[in-house]
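The values are calculated or read from the model by the stated rules, or taken from the named source; none is laboratory data. As the structure is a computational prediction, the values presented were derived from the model and not from experiment. Don't worry about glycine lacking a Cβ; one is built from the backbone with ideal geometry, like all the others, and counts go over all protein chains shown.
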C-alpha cells in the first residue's frame, strides 16, 4: 500500500474562555486545526505513511507550522507555498462547531484562493494509494470546489481510493446549494463518512421523521442503514458508508455510537457514554482517521467500526483539534466497553 494523502485547509483555532475571561488574563489557547490535518495527525500517530496537502503563505508562522507537522511525521513536501494568510476561526471553550459560537476568519486565505491548475497533482499523488478530503473544502467557494474535482479526477485515473467526510458547515455554504456541488463530487468517492443529518443536508438523502422521533438506538441504526443504502444506490462507486451518532446528555455528558456498511456487511459499534467531556472539536476527524486506519489495514468490518468509534469517543477527553491517542489506548477502550 502507498501513502495516504489528506487534502484540505489548515486552520488556527483560537479558543477564548467564556464570559470574556481571556481579556482579563491576556491569554487565549491556539490549536492547529483543520479536518484533514486532524486526520493526518492521527494516522501518523498510528504509524501509517501520510502526507498533507494544503496552501500556506511564505512567512514565519508557516515555517513554525511546517516544523510541527514534520515532528508529527507528516510529510509536507506536497504543501504549496502561495497566497498571503492562514485561515483561522474562533470557538469559545466548551462549545461546538455546529452552533453559533464559531466565528470564521478565513476569507482570502492561501487555501481559499486556490484555483485549478495551481497544484501539480502528478507530483502530489505520486506513491499515493488513498486520498482523503472533506465537504468543508468545496463549501469554501466554487473555485476550491473545482480544485477538489481536479484532484478527484487525477486520483481516479490512478485508481486511488478516495474517502470523504460529509462535514456540513452551513456558515461556509452561504447562498450556494450544496446538493449540486456534492452531486458532482460523490461519484468519485469510494468511502463516505457522516451521519443521517449531513447526508440529508449535503446530498438530499431524505430523513424519516418516524424513526427520528423514536429517539432510540435501534431506530437510529435502522435509519443509518436506510441512508447508507440510498447513498450506495445513487453513487455506484461508493463501497463503504459509515454513520455516527452523537447525543448530548445532561450538561456535559455524551452518548456515542456508529454503524458501518462495507463489503456487503453491516456492523454496528458498541455504545459509549460519559457524564463529562473536555472538548467536542475533532471527534469526527478522529473517527474518520480510525475508519481509514481499519480499512487501510484491511481489518474485518466489525473491527473497523469498533476501532473508529473508540477513537472518536476518546477524542472527547482531549483538548485541542487533533487526537494524541495511541493504538494501545484505543484497543484497551474497546476491550473495556465490550
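Odds and ends about this structure:
- Helices (runs of 4 or more DSSP H) contained entirely in the range 155-258, each with at least 2 residues that are modelled with pLDDT of 95 or more and farther than 22 Å from residue 130 by Cα: 178-185, 196-203, 217-234
Here's the yes/no breakdown for (1) in contact with a helix residue (DSSP H, G or I) (Cβ under 7 Å, 6 or more places away or on another chain); (2) farther than 30 Å from residue 92 by Cα; (3) without any contact (Cβ under 8 Å) to a residue 60 or more places away in the chain:
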position: 215; (1), (2), (3): no, no, yes
position: 230; (1), (2), (3): no, yes, yes
position: 236; (1), (2), (3): no, yes, yes
position: 254; (1), (2), (3): yes, no, no
position: 259; (1), (2), (3): yes, yes, yes
position: 269; (1), (2), (3): yes, yes, yes
position: 273; (1), (2), (3): no, no, yes
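- Counting only residues that are touching a residue at least 40 places away in the same chain (Cβ under 8 Å) and either part of a loop (DSSP other than H, G, I, E, B) or buried (at least 24 other Cβ atoms within 10 Å of the Cβ) (or both), the range 1-36 holds 18 of them.
- Against the list (1) outside any helix (DSSP H, G or I); (2) crowded, with 17+ Cβ neighbours inside 10 Å; (3) at pLDDT 95 or above, the condition residue 41 fails is (1).
- The one condition in (1) touching a strand residue (DSSP E or B) at 6+ places or on another chain (Cβ under 6 Å); (2) surrounded by 17 or more Cβ atoms within 10 Å (Cβ to Cβ); (3) at pLDDT 95 or above that residue 102 fails to fulfil: (3)
- For the range 152-185, the tally of residues that are surrounded by fewer than 17 Cβ atoms within 10 Å (Cβ to Cβ), in contact (Cβ under 8 Å) with a residue 24 or more places away in the chain and closer than 20 Å to residue 200 by Cα stands at 5.
- Residues that are under 14 Å from residue 109 (Cβ atoms) and outside any loop (DSSP other than H, G, I, E, B), drawn from the range 44-73: 55, 56, 61, 62, 65
- Filter result for residue 149 (in a loop (DSSP other than H, G, I, E, B), modelled with pLDDT of 95 or more and either surrounded by fewer than 18 Cβ atoms within 10 Å (Cβ to Cβ) or touching a helix residue (DSSP H, G or I) at 6+ places or on another chain (Cβ under 9 Å) (or both)): no
- Listed conditions (1) without any contact (Cβ under 8 Å) to a residue 40 or more places away in the chain; (2) touching a helix residue (DSSP H, G or I) at 6+ places or on another chain (Cβ under 9 Å) are all met by residue 109, apart from (1).
- Per-region count, the range 281-310, residues part of a loop (DSSP other than H, G, I, E, B) and either at positive phi or surrounded by fewer than 19 Cβ atoms within 10 Å (Cβ to Cβ) (or both): 5
- Members of the range 229-259 found to be over 18 Å from residue 315 (Cβ atoms) and buried (at least 18 other Cβ atoms within 10 Å of the Cβ), listed by number: 231, 235, 238, 240, 241, 259
- Residues of the range 282-305 classified as without any contact (Cβ under 8 Å) to a residue 40 or more places away in the chain and either touching a strand residue (DSSP E or B) at 6+ places or on another chain (Cβ under 6 Å) or within 17 Å of residue 136 (Cβ to Cβ) (or both), total: 2
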